[in-house]
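FYI, it's all coordinate maths here, none of it is from the lab. None of the values given here were measured: they were computed from a predicted structure. As a convention, Cβ positions derive from the backbone with ideal geometry for all residues, glycine included, and neighbour counts pool all protein chains shown.
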Amino acid sequence: MDTAFQLPTIDPARCFEATSCLLVKQVYETALNFDGADLSKVVPSVASSTVSADNTVVTLTLNGKHTFSSGKPVTVDDIVFSYQRLQVSRPTRRSSSTG
């Protein structure tokens, strides 16, 4: 069985294909998770969340238990940075040369 594959990226803000996304999920933790396929059931991870009564604001509260591999604690600034990166990221396109 051939298990070779190309891995375009393990950058969580740039993984737009299955192989990278599978690996990213194993390497990085997310602020929140979902209960299986039910996207209406939020499960805390790095943070817990509350939603405003009008469903327009989600407030995340860090649990203070997570650190980076360097030992530096995960801060709210790190979460904000990550979400801002996701907002501006676009899929990377692989180019193929013919000729």
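When the P(r) is computed for region 30-88, the part past 16 Å accounts for 53% of the Cα-Cα pairs. On full extension, the segment bounded by Arg14 and Tyr28 gains 3.7 nm, given 0.36 nm per residue less the C-alpha separation.
Quote to one decimal, in nm, the extra length available between Gln87 and His66 on full extension: 0.36 nm per residue of separation minus the C-alpha distance between them.
Numbers: separation 21, 0.36 × 21 = 7.56 nm, distance 2.34 nm.
Result for the pair: 5.2 nm of gain on full extension.
In what order do Phe34, Phe5 fall by count of nearby beta-carbon atoms within 10 Å, going from fewest to most? Intermediate values should be presented prior to the final figure.
Working: Phe34 12, Phe5 8.
With the sparsest Cβ surroundings first, the list reads Phe5, Phe34.
Distance between the pseudo-spin-label points of Cys21 and Thr56 (7 Å out from Cα toward the beta carbon): 3.1 nm.
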